[in-house]
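A.B. asks: Let me give you the structure first, and then I'll get to my questions.
The values are calculated or read from the model by the stated rules, or taken from the named source; none is laboratory data. In this text, all values refer to a predicted model and were calculated from it rather than measured experimentally. Positions of Cβ are backbone-derived with ideal geometry, glycine not excepted, and every protein chain shown enters the neighbour counts. Calculation scope for accessible area: heavy atoms of the full protein, side chains included, ligands and nucleic acids excluded. Shrake-Rupley method; radii C 1.70, N 1.55, O 1.52, S 1.80 Å.
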Amino acid sequence: MSTKDIRFGVNLNSTGGRAAWQTTARHAEELGYDVLLAPDHLGRLTPLPALVSVAAVTSRAKLGTFVLNTGFYRPALLARDVAGLHELTDGRFELGLGAGYVAEEFEAAGLPFPSARQRVEQLEQTVSEVGKALSEAGHRVPVMIAGQGDRLLSVAARHADIINLSLSTSATPEKPDPLAGRIELIRRVAGDRIADIELSLVLPMVHIGGVDDIDLSLLRRIHPGLSDAEILCLPGVVHGTAADIADTLRHYRDTYGITYFVTMGIGENLTSLGRVISEFR
């Protein structure tokens with residue numbers, strides 16, 4: 001069983017201007033969320049300035065990116081921006097990084113879309129260079145790496161303070177517990193570092209109620225190859241009463257050592273997980 005405190009994060013989703021963005025952030029902090037996160041996609045708010053805006057109207061919650069596409073950033077410039085955000089948020093910032101996966105966004109940015117191996121290699125180089133620059137400048141910024149593939153999780157196990165998992169495969173006869181397999185890989189690569197790593201899981205659907213009234217339309221688009229039954233079995237798709245879901249999250253903690261849960265701030269997720277948070281406080 002992990003001895004780390006359980007934390008809750010939400011990837012904020014609001015594009016209605018400054019007032020709407022800040023109202024959503026304040027509401028999330030009032031619901032008890034520990035980390036307020038900003039996504040990094042074209043057509044959305046620019047994540048780092050958006051977090052400065054969040055910092056202006058919140059006081060307790062940590063602030064983070066979920067996650068920056070490292071293919072869009074030069075390490076030296078990113079280190080400068082992270083250091084600035086660390087100062088402007090009074091040390092509340094946590095840097096979330098990913099390898100990038102949307103080919104259309106690279107194309108729209110006028111950038112070549114590297115192979116998966118090249119993107120992971122670039123991620124590792126960025127983590128190393130940004131970490132070195134921040135350390136030399138006297139900044140201690142926790143780094144989260146998010147993903148699910150072997151190469152990416154191996155990089156995360158070597159470098160990250162926080163490792164976030166988002167699984168797209170449900171249990172099969174060949175792999176009855178895909179989450180356990182990902183955790184085992186992390187533990188094997190991390191070695192003695194594992195005691196200092198915070199394990200995190202995406203909760204793509206948090207539904208207070210039964211399976212008959214869950215809106216799976218978004219998850220069907222994200223996972224077109226899965227049946228509804230398979231979607232409902234994905235790690236992080238949780239439903240039931242608030243107490244039931246709290247028990248599920250305790251199971252993740254006690255079985256896998258996962259203590260940081262992140263949901264997407266769309267649909268009912270924000271308020272539903274807020275009700276679950278009340279079960280822990």
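A.B. asks: Indicate the gyration tensor shape class of the stretch 162-281 (rounded, prolate or oblate), computed on the Cα atoms with a ≥ b ≥ c the square roots of the eigenvalues: a/c under 1.5 is rounded; otherwise a/b larger than b/c is prolate and the rest oblate. If you can, show how the numbers build up before the last one.
C.D. replies: Values: a/c = 1.99, a/b = 1.27, b/c = 1.57.
Oblate, since a/c reaches 1.5 and b/c is not below a/b.
A.B. asks: Here's a follow-up. Please figure out what share of the DSSP beta bridges in the stretch 7-279 is antiparallel and state it in percent, rounded to the nearest 5. Let's see the in-between values first.
C.D. replies: Values: 1 of 37 bridges.
If we restrict to bridges inside the stretch 7-279, about 5 percent are antiparallel.
A.B. asks: Moving to a separate point now. Out of 163, 67, 77, whose Cα points farthest toward the positive end of the dipole of the chain (charges: +1 Lys, Arg; -1 Asp, Glu; placed on Cβ)?
C.D. replies: 77
A.B. asks: Right, here's the next one. Using helices alone, I'd like the mean residue ellipticity at 222 nm for the chain: each DSSP H run of four-plus residues gives -39500 (n - 2.57), total over residue count, nearest 500.
C.D. replies: Values: 11 runs with 122 residues, N = 281.
Calculated from helices alone, the mean residue ellipticity at 222 nm is -13000 deg cm²/dmol.
A.B. asks: According to a simple spin-label model (label point 7 Å from Cα along Cα-to-Cβ), what is the distance in nm between residue 41 and residue 72?
C.D. replies: 1.1
A.B. asks: Can you pull the one-decimal nm distance between simple spin-label points at residue 23 and residue 192, each 7 Å off the Cα toward Cβ?
C.D. replies: 5.3
A.B. asks: Apply 1/(1 + (r/R0)^6) to the Cβ-Cβ distance of residue 88 and residue 158, taking R0 = 35 Å, and write down the FRET efficiency to the nearest 0.05. Spell out each step's value before the answer.
C.D. replies: Numbers: r = 29 Å, r/R0 = 0.84.
Here the calculated transfer efficiency is 0.75.
A.B. asks: Follow-up question, since we're still on this one. Need the full-extension length gain, residue 102 to residue 116, defined as separation in residues times 0.36 nm minus the C-alpha distance. One decimal, nm.
C.D. replies: Numbers: separation 14, 0.36 × 14 = 5.04 nm, distance 1.12 nm.
So the extension gain works out to 3.9 nm.
A.B. asks: In whole percent, and with a 1.4 Å probe on the protein chains, what portion of the accessible area of the chain is carbon and sulfur?
C.D. replies: So the carbon and sulfur contribution to the accessible surface is 51 percent.
A.B. asks: Here's another thing I want to ask about it. To the nearest Å, what is the center-to-center distance of the stretch 38-92 and the stretch 97-171, using C-alpha atoms only?
C.D. replies: 15
A.B. asks: Let me ask you something else. How far apart, in nm, are the 7 Å Cα→Cβ label points at residue 5 and residue 241?
C.D. replies: The modelled label-to-label distance comes out at 2.8 nm.
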